[in-house]
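Report on the structure given below.
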Amino acid sequence: MRKPIIAGNWKMFKLIGDSVDTAIELRQLVTDVSHCEIIIGPVATALNAVAERMSGSNIRVAAQNCSTETEHGAHTGELCCDMLKDAGADSVIIGHSERRQFYGETDASVNQKTKAAISFGLDAIVCVGESLEQRESGQAQSVVGGQLENGLRGLTVSDMERIIVAYEPVWAIGTGKTATPEQAQEMHAYIRKVLSGAHGSEVADGVRILYGGSVKPANVSDLMANDDIDGALVGGASLEASSFAQIVKYR
Ligand code: PGA
């Protein structure tokens, strides 16, 4: 019932030309894919060019961040969700651990940004995940549970239809160390339990929970074989169309 999602997070890589070339190459490689939704997240400057080339295809385009603000105004350097939508995004990645670690993102700003995205009709890919230290000291679930409860606070049942959760253990991002399928499934099941407690079981059953952290063509199918893993958020291996296409075709 939950259609899987394979999403690529291009982070701060690629100029416009390379972004468009990669997207067009990907489009050709995945034309016949219908078992999952496909999302790519280019840098903001390439969003519009990529979205225009992907129009009419099975590839959706995501922004990597958005403003907490919902009115245009004096917010130098910020991008309001309607601007991202105007550029062709239909979803936005919110609260990625790199933004939490290096750009002061908090659960409170994640909550504001998530509400802003929903108010403009964008899907919000809300990222959560514990550090190595937190996992080793047995706090992984409490950290992730807190990020979810605070980040999704106050959302209605219909708001929750726009939520995609990405569990990305910080120790697995860009390190080549993937969580084992068992570790990932355990956390995903816990995330669904937290969502069920906060928003009801029907909502929780419908939310797609993606795993992220060193997903590669070689490990994606073992991860996807688990009941509560509904897709992947892929960084490094999404930068090349061929490896991302292999991930998309994990079956
Ligand atoms: P990675 O990044 O696949 O390069 O580990 C995942 C992410 O940060 O979304």
Inset, instruction - Quick one: work out Rg over Rh on the C-alpha atoms of segment 200-249, Rh as Kirkwood radius. - result: 1.05
Inset, instruction - Alpha carbons only, please: Rg and Dmax for segment 168-213, in angstrom. - result: 12.0, 35
Inset, instruction - For segment 169-185, take each phi angle, set θ = phi - 60°, evaluate the Karplus expression 6.51 cos²θ - 1.76 cosθ + 1.60, and give the result in whole Hz per residue in order, putting x for glycine and proline. - result: x, 4, 6, 9, 7, x, 9, x, 9, 7, 4, 5, x, 5, 4, 5, 4
Legend entry - For the chain, alpha-carbon Rg over 2.2 N^0.38 Å: 0.93
Inset, instruction - Please report Rg over Rh for segment 1-132, where both radii come from the alpha carbon positions and Rh follows the Kirkwood definition. - result: 0.97
Inset, instruction - Quick one: which residues, 5 or more positions from GLU37 or on another chain, have an amide H under 5 Å from its amide H? H modelled 1.01 Å from N in the peptide plane, none for Pro or chain starts. - result: ILE5, ILE6
Legend entry - Expected 222 nm ellipticity per residue - DSSP helices of 4 or more, -39500 (n - 2.57), all of the chain, to 500: -12000 deg cm²/dmol
Legend entry - Cα-Cα P(r), segment 144-229, percent of pairs per 5 Å interval: 3, 15, 26, 24, 15, 12, 5, 1
Legend entry - Solvent-accessible area per residue, Å², over the chain with all protein chains present [probe radius 1.4 Å]: 44
Legend entry - Calculated P(r) tail over 18 Å for segment 58-106, as whole % of Cα pairs: 35
Inset, instruction - On the protein heavy atoms, probe 1.4 angstrom, tell me the percent of accessible surface of the chain carried by carbon and sulfur. - result: 49
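Tally Lys and Arg at +1 and Asp and Glu at -1 over the other residues with C-beta under 13 Å from the C-beta of THR70: what net charge comes out? Write out the running numbers ahead of the final one.
On the way: positive: LYS85, LYS113, LYS115; negative: GLU69, GLU71, GLU78, ASP82.
Summing Lys and Arg as +1 and Asp and Glu as -1 gives -1.
The values are calculated or read from the model by the stated rules, or taken from the named source; none is laboratory data. Only a predicted model underlies this, so the values are computations on that prediction, with no experimental measurement involved. Glycine gets a Cβ as well: all are built from the backbone with ideal geometry, and neighbour counts include every protein chain shown. For accessibility, only protein heavy atoms count, side chains too; no ligands or nucleic acids. Shrake-Rupley method; radii C 1.70, N 1.55, O 1.52, S 1.80 Å.
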